[in-house]
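One structure below.
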């Protein structure tokens, strides 16, 4: 069983789509999620305190700043904007696919875990995440 979730973003940040996935899964098996983009990532992360999301975004901005930052002047892929190559680096550091067990139609996530798309670009995008549920 497969589907594609399209997640609209409004720029850099974490966008939870756990409920969409939970409403789609059925039966028992292994769910694989895969993002079809090279400048965004997927994460399973805490979904209770929004400060976790803002702290993660701040940490990765500090770890990989835009190409306008003097520490990033060695980068050559800059023609798509100062956020583009840093977005590719962040996507190289973070997962682009996730595996989640499903039991009797329920995601086997922990109590405070949610599924997130981590947008690494400044502009709004529509990101596609392919879902495949294997029995």
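Each reported figure results from applying straightforward, stated rules to the coordinates on display, with no laboratory input. What you are looking at is a predicted structure, and each value in this text was computed from that prediction instead of being measured. Neighbour counts are summed over all protein chains in view; Cβ atoms, including those assigned to glycine, are modelled from backbone coordinates with ideal geometry.
Take the Cα of residue 16, go 7 Å toward its beta carbon, and the backbone nitrogen atoms of region 22-42 under 15 Å from that spot belong to 22-23.
State the extension gain, in nm to one decimal, for the chain segment bounded by residue 23 and residue 58, taking 0.36 nm per residue of separation less the distance between their alpha-carbons. Please list the in-between numbers first.
Values: separation 35, 0.36 × 35 = 12.60 nm, distance 3.08 nm.
Extra length available between residue 23 and residue 58 comes to 9.5 nm.
Would you kindly calculate the translational diffusion coefficient of the chain, applying Stokes-Einstein with the Kirkwood radius from alpha carbon pairs, for 37 °C and a viscosity of 0.692 mPa s, and quote it in µm² s⁻¹ without decimals? D, rounded to a whole number, is 211 µm²/s.
Report the calculated FRET efficiency for residue 76 and residue 48 (r = Cβ-Cβ distance, R0 = 35 Å), to the nearest 0.05.
Efficiency at R0 = 35 Å is approximately 0.30.
Compute a Gaussian network model of the chain, connecting alpha carbons closer than 10 Å, and tell me which residue from 80, 46, 26 fluctuates the most. With Cα springs under 10 Å in the chain, the top fluctuation among 80, 46, 26 is at 80. Quarter the surface of the alpha carbon convex hull of region 15-84 and you get the mean projected area, 6.7 square nanometres.
Between the C-alpha center of region 72-110 and that of region 4-67 there is a gap of 8 Å. Taking each DSSP H run with n ≥ 4 as -39500 (n - 2.57) and averaging over every residue of the chain yields -7000 deg cm²/dmol at 222 nm.
In the chain, the longest principal axis of the Cα atoms and the axis of helix 84-93 are about 50 degrees apart.
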